[in-house]
Amino acid sequence: MTPPVNLDAVQVIAWDFDGVLNSNIEKGVFAWSRNFEQDLGLSLESFSSYLFAGRFQKAIVGQACLVELVTEWAEANAAAGRAAEILDYWFERDALPDHRTLALFGPLKARGVRHVMATNNEIHRTSYIETKMGFGDRVERIFAAGRMGIAKPDTDYFGHIEAELQVAPESLLLVDDMEENVAAARRRGWQAFHFTEGAHDLLEQSLGLQQTF
């Protein structure tokens, strides 16, 4: 059973991005991949098997460069010179802000609750999220794995946020769609809410908010 949120203790909400603030995942499938082959004329299977066999995981924590990885794949797959096009397509198709979760920011901020982002994105997409999508103006800080050199569910990821914000673990609430991240945050002493598809009503209820938007 999910532990209830102790609203009186919450000072900061750390929002995950993909699947929480951004509604780009449906039944485990990312929006960018749905029409990749039709729109770009490139093999999704080849691209995915190359990138997600460990290479992207290194980029997430700053040990590899996503631009260089996509360039390398493109040059080996008759798509030389198209790396920027591929990345633009990926980032733009996956830019689907969840307006219902974002609508919670105002009422919570009025209570004095601070908002930060806690994401496992690498540096290039993080910059896109921050500037092109405007999240740099929506949240106080963006804690991204690519910039930190560490990713969820490593508990040191959460420790870094505590240290940077100077907030006690029990006063931090993680809202995340990955169960392992939620579990890791709780082990660290954080409060946490596991956000699954369609869980908006439960999230609003847990935060003591009624849907008035």
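The values are calculated or read from the model by the stated rules, or taken from the named source; none is laboratory data. Note that the coordinates shown come from a computational prediction; the quantities given were computed from them, not determined experimentally. Neighbour counts are summed over all protein chains in view; Cβ atoms, including those assigned to glycine, are modelled from backbone coordinates with ideal geometry. Ligands, DNA and RNA are excluded from the accessible area calculation, which covers all protein heavy atoms including side chains. Shrake-Rupley method; radii C 1.70, N 1.55, O 1.52, S 1.80 Å.
Side notes on the structure shown:
- Among the conditions (1) part of a helix (DSSP H, G or I); (2) touching a residue at least 24 places away in the same chain (Cβ under 8 Å); (3) open to solvent by 10 Å² or more (accessible area, probe 1.4 Å), Ile161 misses just one, which is (3).
- Residue list for the stretch 3-22, restricted to those being touching a helix residue (DSSP H, G or I) at 6+ places or on another chain (Cβ under 8 Å) and either farther than 16 Å from Ala145 by Cβ or surrounded by fewer than 15 Cβ atoms within 10 Å (Cβ to Cβ) (or both): Pro3, Pro4, Val5, Asn6, Ala9, Val10, Gln11, Val12, Ile13
- The combined condition, being touching a residue at least 12 places away in the same chain (Cβ under 8 Å) and open to solvent by 20 Å² or more (accessible area, probe 1.4 Å), is fulfilled by Thr155.
- Any hit, the stretch 143-152, residues being touching a strand residue (DSSP E or B) at 6+ places or on another chain (Cβ under 6 Å) and modelled with pLDDT of 95 or more: yes
- A single entry from Thr131, Thr119 fulfils the requirement of being under 25 Å from Cys65 (Cα atoms) and free of Cβ contacts under 8 Å to residues at least 40 places away in the same chain: Thr131.
- Top-ranked residue in the stretch 89-113 [being of a type outside the set (A, V, I, L, M) and assigned to a loop (DSSP other than H, G, I, E, B); ranked as surrounded by the fewest Cβ atoms within 10 Å (Cβ to Cβ)]: Gly112
- Of all residues in the stretch 91-128, those satisfying the criterion of being more than 14 Å from the chain's Cα centre (by Cα) and closer than 30 Å to Arg55 by Cα are Glu92, Arg93.
- The residues on offer are Ala31, Ala103, Ala64, Ala59, and the sole one that is under 30 Å from Leu172 (Cβ atoms) and touching a strand residue (DSSP E or B) at 6+ places or on another chain (Cβ under 9 Å) is Ala31.
- Scanning the stretch 55-88 for residues that are surrounded by fewer than 14 Cβ atoms within 10 Å (Cβ to Cβ) and closer than 24 Å to Ala118 by Cβ yields a count of 1.
- Of the helices (runs of 4 or more DSSP H) lying entirely inside the stretch 17-56, those containing at least 1 residues that are closer than 27 Å to Leu102 by Cβ span 31-34, 36-40.
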